[in-house]
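All remarks here apply to the structure that follows.
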Amino acid sequence: MLNGNQQISALLSGCRQNDRGSQKELYQLLKGYAVKICYRYQHNNHQVEEIVNEGFTKLFKNIHQFDEHRHVEISIALKGWFKRILVNTCIDYYRKNASYIHGQVLSDETERIADHGETGLDKLSYKEIIEAIRLLSPAYRTVFNLFVIEGMTHEEIGKHLGISVGASKSNLSKARENLRKILTKKTDVKTYVEPIR
């Protein structure tokens, strides 16, 4: 966990001077955070590691753009800035590999699928919900994360992924439906009690 504005300022200053020790220390401080962000977008650990490393490369390359003097809490501001880098890196990775990942490509398929509220979420842990999101196809998972977690509009998602607004809405709806099925199975398993014989 990052602590102390002076410590972080010193690390940032060292990173701007390409000091390997400062880069290593900042990497160690932010790696867990970066993995959690990327974990929502990718299915396997190798892809997560690849994206995290690419994110850190971009962070160190553009560290001069982050002005810590404009923020009261440098650690919060730095994490927010780094999160945007990581999300954009996940988007770039997805676009680059979209046609290769399980043959799933975002499409303009039907846009009207019923959207019912989830049930049983209170019985699931955060980790189980994230695992369920990771089970979605890459196309559905990406749109779901960008809309629900990152708060992007369908117009922004379409622009970032190079798809229509309708395709974004369709994939979000399908993601929610598939997620609902996955979560329902999990809650059914959790609440099932074997009958006494």
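The values are calculated or read from the model by the stated rules, or taken from the named source; none is laboratory data. Values in this document were obtained by computation on a predicted structure and should not be read as measured data. Here the Cβ positions follow ideal geometry from the backbone for every residue, glycine too, while neighbour counts run over all protein chains shown.
Could you please let me know if residue 105 is among the aliphatic types (A, V, I, L, M), modelled with pLDDT under 85, outside the structural domain of residue 163 (by TED's automatic domain parsing) and under 20 Å from residue 167 (Cβ atoms)? When the stated conditions are applied, residue 105 passes them. For region 136-146, a residue qualifies if it is free of Cβ contacts under 8 Å to residues at least 40 places away in the same chain and either under 11 Å from residue 160 (Cβ atoms) or not assigned by TED's automatic domain parsing to the domain that holds residue 181 (or both), and exactly one does: 143. Hey, among the residues in region 66-99 that are aliphatic (A, V, I, L, M) and outside any helix (DSSP H, G or I), which one's surrounded by the most Cβ atoms within 10 Å (Cβ to Cβ)? My answer is 98.
Residue 170 satisfies every condition listed in (1) over 22 Å from residue 92 (Cβ atoms); (2) of a type in the set (Ser, Thr, Tyr); (3) at pLDDT below 50; (4) surrounded by 13 or more Cβ atoms within 10 Å (Cβ to Cβ) except (3). Residue-level check: of (1) touching a residue at least 12 places away in the same chain (Cβ under 8 Å); (2) of a type in the set (S, T, N, Q); (3) exposed (fewer than 11 other Cβ atoms within 10 Å of the Cβ), residue 28 misses just (1).
Contact map, region 68-94: residues that are in the same structural domain as residue 29 (by TED's automatic domain parsing) paired with residues that are in a loop (DSSP other than H, G, I, E, B), Cβ distance under 6 Å, separation 6+ or inter-chain. Pairs shown: 75/2; 77/71; 81/66; 87/150; 90/41.
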